[in-house]
Amino acid sequence: MSDQQSSTPTPPDSVRHGAGMRFLTQTDLEVPTHQIVAPDGSYEAAAVPALDDEQFRDLYRWMLTDRVFSRRMVNIQRRGELGTFASTRGQEASIIGSAFTFQPADWLFVGRAWTPMFMRGASMKDMILFWRGIEEGQKAFAEHNCQIAISIGSQLPLVSGVAWGMRIADNDAISVAYLGDGATSTGAAHEGINPAGALDLPALFFCQNNQYAISMPFTEQTGANTLAQKALAYGLDAIRVDGQDVLAVYEAVSKARERVKAGKPVFIESVTYRLDAHTTSDDPTRYREDNEVEAWGQLDPIERYRSFLKKEGLWDGIDHDAIVEEIEAEFSAALEAANAFEKRNVSEMFAHVYQEMTPELRRQLTEFDDLLDRQQEMYDYIEQRPKG
Ligand SMILES: Cc1ncc(C[n+]2csc(CCOP(=O)(O)OP(=O)(O)O)c2C)c(N)n1
Ligand SMILES: [Mg+2]
């Protein structure tokens, strides 16, 4: 342990003797939400991050990529060509503003953030394969230092573990978690975030508070006023940011990345909203009101950024329709490539869990093969599943 870690921390407050004991409460802490472009499109020129024109345009292109990708994925799922999909519509500023700051050597462990993986070279084809349940997708992602965690919160201990390794190896990189509001309520969040604070690891936790964990609203998820404040108890620094404002998210995350590299882990709460269903298997009309969705629809992150680009005189250099067409073409080519992917044997799902199959998995595979032998109609069922 370094001197810095073993030294006694400074007491945060003076001792209070006798009468006058008081409770610490939620309201003792003021947690401001950082914003640069207001919902009405106004902003202070001095607060705008120092990006060049091409970077401002790239932010727009990637936000559109995110939106088009979600729309196409939902469409092909409806046609029976995908098992399920978790749309990111409404969260584009949160997702792109953050991902724009990361470097290729950084590691990303993502939940509900697919375009950050495209931004570092993962392909739409592999993403389609992943959502068809083909594990080759994850193998390809690993080549670009990114992985998807479907088991909620499971990535968080890994993020700290990788960050610890990075510090030991003195890497010029950080380890990043994308997590949801719901993930903060898992045991894994405690186990994952605590070591980052205790050991001052180069870890950044980017939490998208999209107001729901499936049907569980944020207000029932936690008794805390904000998620940002939870970070303090773990010894991390925190920022709460308007997740509909791509420039605010970009600034928050780039400053956080610098701080993480300087030795202080950071947790960011990005306040956003999932406009679509949790996944294509979900019916959100059963647990939320249309007027709530409409109100958040008014805070559309792409619209807000477009109004900024217009005011800055950057909009004239952007051919919106041509960009959408290019993304559509990229998706169509990716879908074609995914469709051409050789048909897989279902028993492979047992093979990919460990390098060598364990006795228990071997037993399950035998049972599964027996089942297929005895019930030939299972083949029809498998046949009818989307192939990939
Ligand atoms: C360990 C675990 N428990 C339950 C689930 C089922 N599940 C899938 S997504 C989800 C909610 C996640 O909410 P949040 O963390 O807010 O992320 P969001 O989906 O809103 O992006 C749950 C409970 C799971 N995938 N993993
Ligand atoms: Mg959520």
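Over the range 48-339, Cα pairs under 8 Å with separation of 6+ residues give a relative contact order of 24 percent.
Across the range 99-248, Cα pairs under 8 Å and at least six residues apart give a relative contact order of 21 percent. The fraction of Cα-Cα pairs per 20 angstrom bin, counted from 0 for the chain, comes to 25, 55, 18, 2 percent, rounded to whole percents. Membrane-span-like helices in the chain, defined purely by DSSP H runs whose alpha carbon atoms cover 24 Å or more axially and whose average Kyte-Doolittle hydropathy reaches -0.5, are 320-339. Rounded to the nearest 20 debye, the dipole magnitude of the chain is 660 debye, with +1 charges on Lys and Arg beta carbons, -1 on Asp and Glu beta carbons, and the Cα centre as origin.
Computed on the range 278-388, with alpha-carbon pairs under 8 angstrom and 6+ residues apart, the relative contact order is 22 percent. Each Lys and Arg Cβ is given +1 and each Asp and Glu Cβ -1; about its Cα centre, the range 1-136 then shows a dipole of about 780 debye.
Given in Å, the Rg to one decimal and the Dmax to the nearest whole number for the Cα atoms of the range 201-284 are 14.1, 44.
A straight Cα-to-Cα reach below 19 Å connects residue 139 with the aspartates and glutamates 106, 126, 342, 348, 356, residues fewer than 8 places away in its own chain not being considered. Annotation: aspartates and glutamates with alpha-carbon distance below 13 angstrom to residue 255 (same-chain offsets under eight excluded): 237. Our helix-only sum for the chain, with -39,500 (n - 2.57) per DSSP H run of n ≥ 4 divided by its residues, gives a mean residue ellipticity at 222 nm of -13500 deg cm²/dmol. The ranking of 271, 346, 176 from fewest to most other beta carbons within 10 Å of each one's beta carbon is 346, 271, 176. Averaging 1/r across all pairs of distinct Cα atoms in the range 57-143 and inverting the result yields a Kirkwood radius of 13.3 Å.
Would you work out which of 221, 173, 85 lies farthest towards the positive end of the dipole of the chain? Charges go on Cβ: Lys and Arg +1, Asp and Glu -1. Among 221, 173, 85, the one farthest towards the positive end of the dipole of the chain is 221.
Every number here is computed from the coordinates shown, using simple stated rules; none is lab data. Owing to the predicted nature of the structure, the values given are computational and were not obtained by experimental measurement. Here Cβ is always computed from backbone atoms with ideal geometry, including for glycine, and neighbour counts include all displayed protein chains.
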